[in-house]
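Engineer: Questions regarding the structure given below will be posed in turn.
The values are calculated or read from the model by the stated rules, or taken from the named source; none is laboratory data. Note that the coordinates shown come from a computational prediction; the quantities given were computed from them, not determined experimentally. Counting neighbours? That spans all protein chains shown, and the Cβs are built from the backbone with ideal geometry, glycine included.
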Amino acid sequence: MATDTASFPDRLTSYAHGGGCACKIPPGALENVVSGLVGAPVQDPAAQLIVGLDDGDDAAAVRISGGVAVISTADFFTPVVDDPYDWGRIAAANALSDVYAMGGTPIVAINLLCWPMDVLPYEMAGEVLRGAQDVAGAAGCHVAGGHSVDDPEPKYGMAVTGTADPDRLLRNDAGRAGVPLSLTKPLGIGVLNSRHKNTGAVSAEAVETMTRLNDVASRQALAAGVECATDVTGFGLLGHLYKMARASGVSAVIDSAAVPYLEGARQALADGFVSGGTRRNLDWVRPHLDAGVSEDELLLLADAQTSGGLLVAGEIPGAPVIGELVPADDAAITIR
C-alpha cells in the first residue's frame with residue numbers, strides 16, 4: 001500500500017537532480033570508462049566467468065560446481081516518484097529485472113541506501129525499504145541486510161544474486177538474423193516520470209508498469225527456447241537494441257507503429273518533458289540509425305526507461321512483435 005506522503009516534508013523527487021534510470025552515466029562515456037577492464041586477468045579464479053564486461057550484458061554470470069550459474073547484479077538510482085514506498089517497489093523490481101533478463105531466478109538481495117540523514121526523516125527511508133522488501137518477497141527473493149551512507153542526494157537500489165542454468169542463459173550477444181523482436185512492457189515511462197518530477201502529476205499506469213516484475217516474461221522466453229534478451233532501462237529501447245545488435249553481429253529493423261506506449265506518453269513528450277538522459281541516448285545511437293520517422297518518434301524510442309520490460313529475440317505470449325533481427329548492414333537499426 002502506498003504511503004500518505006502528506007506526513008513527510010516536501011516532494012521526494014525535489015531532492016534529486018534527475019530521476020530513476022535517466023540518471024545513468026551516458027552509454028558512450030560508460031563504455032570508455034570500463035574499456036580497460038575487459039579481460040582483466042584473475043589469479044586462480046574460484047569459478048568460470050560466463051558473462052562479464054565484454055558486451056555490457058544485464059548482469060554477470062559465473063559457472064560453479066553442480067551445473068549452476070550464479071548471476072550477480074546491482075542497480076540503484078535517485079527518486080523517480082514522490083511516494084517513498086512506491087520508489088522502493090520500483091527500485092527493487094528494476095534490480096531484480098537484471099536477473100530475469102539473464103534467464104535467472106533471484107534468490108537473495110541486499111539494500112543499497114544513500115540518505116541525506118539531516119534533511120529527510122528516517123521514517124521515509126523505512127518506507128523505501130519496506131516497499132522494496134514487499135516486491136522482493138513477492139518474487140521469492142530474500143532481502144538480507146545491505147549498506148547505507150549519508151549522502152546529500154537520496155539514492156536506493158539493490159545488489160541481487162540469482163541462479164540459472166548455465167546452458168540456458170538469456171544473453172544480449174546471442175541474437176540471430178531472421179528472429180522477431182518482442183517487447184514485454186510499453187514505452188513512455190521516462191517522459192511520464194519527467195512530467196511527474198516537474199508537475200507532481202502521477203501516472204498510475206506508469207507506477208504499475210515499473211513495479212511489475214519481469215519474471216513471467218523471463219520464464220516464457222526460456223520455455224519458448226529464446227536465447228537472446230535484454231531489459232529496457234536507462235539507455236532506452238534504441239540504446240539497448242543497439243547493444244544487442246552490435247554484440248550479436250546483426251542489424252535490426254523496428255516497425256515504429258507496432259511499438260506500444262503508455263497512455264499520456266506522447267502528450268508528455270509534446271509538453272517538453274524529455275530528460276537529458278533520453279537526449280544523450282539518442283545522440284549516442286543516432287550515427288547507427290537509418291530512421292524514417294520524426295525526431296519526436298526517435299525521442300520516444302530512446303526514452304530512458306526505469307524498470308522497463310524485456311526486449312526478447314523471439315515471440316512470447318502477450319508481447320507485441322515490434323521488429324526483427326536481420327543480417328548485418330550499414331545501419332545497426334533501421335526504423336520504419
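Engineer: Here are the criteria: (1) out of contact with any Lys or Arg (no Cβ under 7 Å at 6 or more places or on another chain); (2) modelled with pLDDT of 95 or more; (3) farther than 20 Å from Val81 by Cα. Tell me which single one Asp255 does not satisfy.
Structural biologist: Among (1) out of contact with any Lys or Arg (no Cβ under 7 Å at 6 or more places or on another chain); (2) modelled with pLDDT of 95 or more; (3) farther than 20 Å from Val81 by Cα, Asp255 violates only (1).
Engineer: Here's something else I'd like to know. Going by the conditions given, is Leu300 under 25 Å from Val81 (Cβ atoms) and within 16 Å of the chain's Cα centre (by Cα)?
Structural biologist: Yes.
Engineer: Please enumerate the residues belonging to region 38-94 that are within 25 Å of Gly200 (Cα to Cα) and among the hydrophobic types (A, V, I, L, M, F, W, C).
Structural biologist: Listed by number, the residues that qualify are Phe76, Phe77, Val80, Val81, Trp87, Ile90, Ala91, Ala92, Ala93.
Engineer: Return yes or no: is Asp283 modelled with pLDDT under 95, closer than 20 Å to Ala245 by Cα and not aliphatic (A, V, I, L, M)?
Structural biologist: no
Engineer: Only one residue in Val326, Val259, Val312 is touching a helix residue (DSSP H, G or I) at 6+ places or on another chain (Cβ under 8 Å) and within 24 Å of Asp54 (Cβ to Cβ). Which one?
Structural biologist: Val312
Engineer: Also, quick follow-up: Given Val135, Val160, Val143, which one is at pLDDT 95 or above, assigned to a helix (DSSP H, G or I) and among the β-branched types (Val, Ile, Thr)?
Structural biologist: Sole residue among the options that is at pLDDT 95 or above, assigned to a helix (DSSP H, G or I) and among the β-branched types (Val, Ile, Thr): Val135.
Engineer: Give Ser65, Ser97, Ser72, Ser35 a once-over and let me know the one that is modelled with pLDDT under 90, of a type in the set (S, T, N, Q) and under 23 Å from Met244 (Cα atoms).
Structural biologist: Step by step, each of Ser65, Ser97, Ser72, Ser35 is checked, and only Ser35 is modelled with pLDDT under 90, of a type in the set (S, T, N, Q) and under 23 Å from Met244 (Cα atoms).
Engineer: May I pose another question? If you go through region 74-95 one residue at a time, do you hit one that is under 16 Å from Ala139 (Cα atoms) and surrounded by fewer than 22 Cβ atoms within 10 Å (Cβ to Cβ)?
Structural biologist: no
Engineer: Please work out if Gly157 is within 13 Å of the chain's Cα centre (by Cα), farther than 17 Å from Gly103 by Cβ, buried (at least 21 other Cβ atoms within 10 Å of the Cβ) and assigned by TED's automatic domain parsing to the domain that holds Leu112.
Structural biologist: yes
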